[in-house]
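The values are calculated or read from the model by the stated rules, or taken from the named source; none is laboratory data. Every value quoted in this text rests on a predicted model; they were computed, and no experiment measured them. Here the Cβ is made from the backbone with ideal geometry for all residues, glycine too, and neighbour counts use every protein chain on show. Keep in mind that these areas ignore ligands, DNA and RNA; they rest on the heavy atoms of the full protein, side chains included. Shrake-Rupley method; radii C 1.70, N 1.55, O 1.52, S 1.80 Å.
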Amino acid sequence: MQIGIPRESLQGETRVAATPETVKKYISAKHQVVVETGAGAAAHYPDDAYVAAGATLGTAEQALSAALVLKVRTPSAGELTSMKPGSVLVGMLDPFNPEGLQSLATAGLTAFALEAAPRITRAQSLDVLSSQANLAGYKAVLLAANQYGRLFPMMMTAAGTLKAARVVVLGAGVAGLQAIATAKRLGAVVEASDVRPAAKEQIESLGAKFIDVPFETDEEREIAQGVGGYARPMPAAWMARQAALVSERCKQADIIITTALIPGRPAPTLVSEETVQAMKPGSVIVDLAVERGGNCPLSEKDKVVVKHGVSLIGYTNLPAMVATDASALYARNVLDFLKLITDAEGQLAIQREDEIVAACLMSSDGNLLRSA
Ligand code: NAD
């Protein structure tokens, strides 16, 4: 079938949904691929490389009107007008945005949101949340290191000794664990907190200290297990004890990386203004949860702001800052997902009974299947 790869139109989105490597695989799987001219340019995949892989180049209109369209981000209203009713869309389609999902259904699409894939072993190779969050965690530490007026490692020089930076990571999911590993590699002393008890061992295995907020009731312990690997909102009493402990650790920190999220809900507030006020001048906070309201109320979307002498970095799309690798991993995620909805003859064959397919399917031929 014909696969279209449009250039992403969202401002600042530098990633692309297919690379020459994955295009080559689509061609060998008997698909035809039309790539919008310049689709991979911002991620450093030139048009020539797509042509060498077997694609043809076309306009946005041609790429969007394919029977199967691969995107990074959900299509804009303008893009939707170019898409054909009955066509299939695969991308990160924001499954918690009801209006967005409705607009995909209204456009008559069969739409798969890859973020909705279950966190099961078989889905790991198509897990876009993990592939992208991992890069975001890495990049967050580099941004912090760049902004910080001091060094990360302890350094003994003829001119004196420099102390190692103290890094606190809040939320130790995929992004947080990579942030811990990256900060450790740079030589920082790292502490981290998470609600899920399973995170303790993972944090410690990376050489960081776990900020332990003991459970005082069975209810707290039960809620903290989460659902499907994801956190649930913790009871207010636990949150208050966590806030007090985290605030103490944050006041000692030079760098805070926050990544705490609860699916479909606003991000929990973990670093208060009072804590920021008590931090040392020149400290840095990178708030990876800023798009969902932030783990710190002072961070601002897509800005670096200085408040109470502390720099707060609130970029919302860190994977787009490492677009070549982010696209390579995302494109492989998409390639793996397509194996569940196409057959060996290059035809559409949606395995609706497959739990991954069923979870990702948001609309089918224009009917909304999932309310956000
Ligand atoms: P996420 O982005 O939804 O959240 C980030 C982290 O914030 C989570 O670890 C969460 O527990 C934590 N958090 C929420 N509230 C918090 C609070 N008040 N204080 C501190 N931390 C808080 O999570 P994610 O990175 O998408 O990972 C979610 C889970 O999925 C993890 O358990 C991860 O190990 C698991 N996972 C499983 C697979 C798989 O088996 N296929 C793949 C990837 C991730």
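For this structure, a couple of remarks:
- Note on region 197-240 and region 247-279: Cα centroid distance 16 Å, given to the nearest whole angstrom.
- Build a GNM of the chain with springs between Cα atoms under 10 Å apart, and of A236, A260, A66 the one that fluctuates most is A236.
- For the pair R352 and D365, label points projected 7 Å from Cα toward Cβ lie 0.8 nm apart.
- Separation in nanometres of the label points that stand 7 Å from Cα toward Cβ, at D218 and A236: 2.4
- Of the residues E273, E13, E291, the one that moves most in a GNM of the chain with alpha-carbon contacts below 10 Å is E273.
- A Förster radius of 30 Å, combined with the Cβ-Cβ distance separating E21 from N97, puts the computed FRET efficiency at roughly 0.50.
- For the chain, the extents of the C-alpha atoms along the principal axes are 63, 53, 34 Å, listed from largest to smallest.
- Taking 0.36 nm per residue of separation and subtracting the current Cα-Cα distance, fully stretching the chain between E201 and T59 would add 46.1 nm.
- With a simple spin-label model that places each label point 7 Å from the Cα along the Cα-to-Cβ direction, the separation between A67 and Q277 comes to 6.4 nm.
- On a per residue basis, region 3-111 carries 40 Å² of accessible surface, using protein heavy atoms and a 1.4 Å probe.
- Ordered by solvent-accessible area of protein heavy atoms (1.4 Å probe), largest first, the residues F96, F112 come out as F96, F112.
- Per residue accessible area in Å² of region 133-316, where ligands, DNA and RNA are left out and the probe is 1.4 Å: 46
- Chain lengthening between D48 and K209 when straightened (0.36 nm per residue, less Cα-Cα): 53.1 nm
- Solvent-accessible surface (1.4 Å probe) assigned to Y148 amounts to roughly 20 Å².
- Of the accessible area of region 133-316, computed with a 1.4 Å probe over protein heavy atoms only, carbon and sulfur atoms account for 54 percent.
- Residue-averaged [θ]222 nm for the chain, counting only DSSP H segments that reach four residues, each worth -39500 (n - 2.57): -10000 deg cm²/dmol
- Under a Gaussian network description of the chain, with springs only between Cα atoms under 10 Å, the residue in A63, A240, A39 that fluctuates furthest is A240.
- Heavy-atom accessible area with a 1.4 Å probe sorts I313, I223, largest first, into I223, I313.
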